[in-house]
Structure formats: structure tokens, C-alpha cells
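**Student:** Encoded as C-alpha cells, here's the structure I'll be asking about.
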Amino acid sequence: MTARRWARVTALVEVVAASGLPTQFALGGLLLACGVAPLRSDGRLAMPFVASVLGADTVLLLAFVAWRLRAGGDRVAAILAGPRPWRRDVWLGLALVPAIFGAVAGLLVLLRAVSPWLHNVDTNPFESLIQSTTDAIVLTVLVVVSGGLKEEVQRAFVLRRFEQHLGGARLGLPIYSVVFGLGHFIQGYDVGLMTTLMGVGWGALFLWRRNIIAASVSHAGFNAAQILQFLVSGS
């Protein structure tokens, strides 16, 4: 096998590993073996299981990405934080939160009017995790860290590998965005479709700014805003 082909195979394996699917399945199986049930007696998601999987998966994925970036000759800070001062990207990310939240809400209403069959899940299963103020705080921390940090680190790493060895970021962005959306189909087809579009947006933001800061801030803010909306409206 030539060096170029070996680099492509290695990059492909890294992309699959960084997707989170192998680690989440492994962690889920380990928790099941330890007697931690994914569902409560009423059939709803159990907070201990979800928190354990998301928390452990975040640690594993961040360590994996740092390891593989260094192994490939990249500086972690250079790829994730970029060369620019970070304050402008923080403000950009914050400014995008209401824009993304409003756009997603409007598009979901439109989708449900035009294609109601896409709304195949009446109640988001993650809503059942919030049974108290403590649950809301725990879930907010989880979605901010797991979504805003881990998922944007994953996206940056995958796009970096596509740029280097797998046909370019223009190919990697739609492919990984679809994978990102498929991972959210448990919340409904319409949510999965919207998540795919958001993945395209956050990936494009990374490629534009050459850091994850704006995408991470906007992603974390969007996730936190969703929980706040649920606490206020109950839906």
C-alpha cells in the first residue's frame, strides 16, 4: 500500500472513530453490563444513563482528537482556536444564537405545515429528562459541553481530515452534516433535517473563521436556549 493510500485509510478510520458512534455504542454497552438502564420504568430516558454516556463520550472524543491531531503533525490550538484574537468570534457566536433559534423555529413550523409526516415524534425524548431544577441544570451543562464543545471539535477534526486526505472540505461538509443529522433522528425526522442544516452552517462557520469558537458559542447558546424555552413553555 502506498503512503498516500495509507494516509487515506488512516484518515477514514479516524473520521469514523471521531463520529462518536463507536464510542457511544461502547459506552452504552458498558453501562448496560454494569446494570445502568437507559430507560426508566415508564419507558422514558434515564438521566444517569444519558449523563454518563454524554460525559464519558466527551472526555474520550476530546482526548482522541487531540491525540490524532498531534500524531498528524498539527497543533491542537492552531486547528481549534485559529490564528485570530478570540473575542470577535465569541461575539459573533453570541449574535448568531437568536438568529439560529428564530430560523430553526420558523423552518420547523413551515416543515410541519408543508410536510406534517416529518413530525413523527410528538414529544422530544430528551424533554422527559427534566423532572426538576437539578435535572435542568445537569442537562444544560451536558448539552453545552457535549454539543457546544465536543461536537464542534469533532466537526473541525473531520473537516480537517477531509481537507488533507479525503477529497476536500466541500465534500466532507455535506457528508458529515448528514451523519450529524442522522444522530438526531430519535427526536423526529423534522429535527434530524434541521440538525443537518445547522451542521452545514456550523461547519461553514468553522471553515470561514478557521476556529471553532464562533460555532461552539452559537451551538452551546442554541442548546441552552432550547432548554430555557422548554422550562418557560413546557414544549
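The values are calculated or read from the model by the stated rules, or taken from the named source; none is laboratory data. The structure presented is a predicted model; accordingly, all values stated were derived computationally and were not measured. Note that each Cβ is placed from the backbone with ideal geometry, even for glycine, and that neighbours are counted across all protein chains shown.
**Student:** Of all residues in region 199-212, how many are more than 14 Å from ARG170 (Cα to Cα) and surrounded by fewer than 23 Cβ atoms within 10 Å (Cβ to Cβ)?
**Tutor:** Of the residues in that region, 3 qualify.
**Student:** Against the definition (within 29 Å of PHE49 (Cβ to Cβ), at pLDDT below 95 and touching a Leu at 6+ places or on another chain (Cβ under 7 Å)), how does LEU182 come out, yes or no?
**Tutor:** Here the answer is no, as LEU182 does not meet what is asked.
**Student:** Taking the residues in region 14-71 that are basic (Lys, Arg) and surrounded by 12 or more Cβ atoms within 10 Å (Cβ to Cβ) as candidates, determine which candidate is nearest to ASN124 (Cα to Cα).
**Tutor:** ARG44
**Student:** Is it true that PHE185 is surrounded by fewer than 18 Cβ atoms within 10 Å (Cβ to Cβ) and aromatic (Phe, Trp, Tyr)?
**Tutor:** yes
**Student:** Return the pair list, or none, for Cβ contacts closer than 8 Å from residues in region 101-124 that are surrounded by 10 or more Cβ atoms within 10 Å (Cβ to Cβ) to residues that are β-branched (Val, Ile, Thr), at least 6 apart or on different chains.
**Tutor:** Taking only residues 6 or more apart or on different chains, the pairs are LEU108/VAL191; VAL121/ILE186; VAL121/VAL191; ASN124/VAL191.
**Student:** Now a separate question. Only one of these conditions is not met by ALA95: (1) surrounded by fewer than 12 Cβ atoms within 10 Å (Cβ to Cβ); (2) under 20 Å from the mean Cα position of the chain (by Cα); (3) of a type in the set (A, V, I, L, M, F, W, C); (4) over 25 Å from VAL178 (Cα atoms). Which number is it?
**Tutor:** Among (1) surrounded by fewer than 12 Cβ atoms within 10 Å (Cβ to Cβ); (2) under 20 Å from the mean Cα position of the chain (by Cα); (3) of a type in the set (A, V, I, L, M, F, W, C); (4) over 25 Å from VAL178 (Cα atoms), the lone unmet condition for ALA95 is (1).
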